[in-house]
Amino acid sequence: MLRAGIGTGYAIKRAVDQSTRFFWSTSFAQVYPELARLEKQEYIVGHDDPLGDRPRRSYRLTKKGEHALGDWLRSPSVPSFEFRDEGLLRLFFADALPNEEAMALVQRLSRDAERAELAFREEILPMAETAPTHGYRFPLIAARLGADYYTWRARWLADLHGELALGSAARRSKTKPARHART
């Protein structure tokens, strides 16, 4: 974010909320200590930049920071993939619920994925589409991947809900008492 000209902790957090939060979120409690750590290690340099009566600190990358960023981007090691999704965790444990409640959970997850897809398409993608005019190609590429992921996720969860509904109907028909013909 500093390389892109976003220089304060507040602005970094705001930029993350409008760009990477769907795959790499952060909080103010993470941003400010990280800025202090990077400054202490001389990857960035900060200066006081008050805004009216409010104290504020702005940062920029140092040559050492630019070099470290390049090294990190070029690193041949592939980091482990961490995927934390509380909705998927709930789905994993959904056998603890009656079937109707499990189906309602799937339906909520599906609606949530639809909302996330809409947010990507209406908020994130339009912002990312301006990145190439500023010399940045890959924010748009990452945003397109995010939008496509949520499109897939919403469809997958809707399909799952349909499968569960069919399974419920089949189970209900099997448990109905057999009707006997009267003689």
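The values are calculated or read from the model by the stated rules, or taken from the named source; none is laboratory data. These figures come from a predicted structure and were not determined experimentally. Neighbour counts run over all protein chains shown; Cβ positions are idealised from the backbone, glycine included. For accessibility, only protein heavy atoms count, side chains too; no ligands or nucleic acids. Shrake-Rupley method; radii C 1.70, N 1.55, O 1.52, S 1.80 Å.
Residue 53 falls short on exactly one of the conditions (1) surrounded by 10 or more Cβ atoms within 10 Å (Cβ to Cβ); (2) acidic (Asp, Glu); (3) more than 30 Å from residue 153 (Cα to Cα), and that condition is (1).
Figure legend. Inter-residue proximity from the stretch 124-137: first residues closer than 16 Å to residue 6 by Cα and open to solvent by less than 70 Å² (accessible area, probe 1.4 Å), second residues at pLDDT below 90 and hydroxyl-bearing (Ser, Thr, Tyr), beta-carbon distance below 8 Å, spacing 6+ or different chains. Indicated pairs: 128/19.
Within the stretch 14-35, the set of residues being open to solvent by 30 Å² or more (accessible area, probe 1.4 Å), closer than 24 Å to residue 148 by Cα and of a type outside the set (S, T, N, Q) comprises 14, 17, 21, 22, 23, 24.
Each residue in the stretch 102-123 was checked for being open to solvent by less than 100 Å² (accessible area, probe 1.4 Å), over 15 Å from residue 156 (Cα atoms) and acidic (Asp, Glu), and 1 of them qualify. Taking residue 94, is it open to solvent by less than 100 Å² (accessible area, probe 1.4 Å), under 26 Å from residue 158 (Cα atoms), in contact with a helix residue (DSSP H, G or I) (Cβ under 7 Å, 6 or more places away or on another chain) and small (Gly, Ala, Ser)? Yes: the conditions hold for residue 94. I want to confirm something. Restricting to the stretch 56-80 and keeping residues that are of a type in the set (S, T, N, Q) and assigned to a loop (DSSP other than H, G, I, E, B), which single residue is least open to solvent (accessible area, probe 1.4 Å)? By that ranking, first place goes to 62. Residue pairs whose Cβ atoms lie under 8 Å apart, sitting 6 or more positions apart in sequence or on different chains, and linking a residue in the stretch 61-75 that is touching a residue at least 24 places away in the same chain (Cβ under 8 Å) and within 11 Å of residue 3 (Cα to Cα) to a partner that is of a type in the set (A, V, I, L, M, F, W, C) and assigned to a helix (DSSP H, G or I), are 61/69; 65/38.
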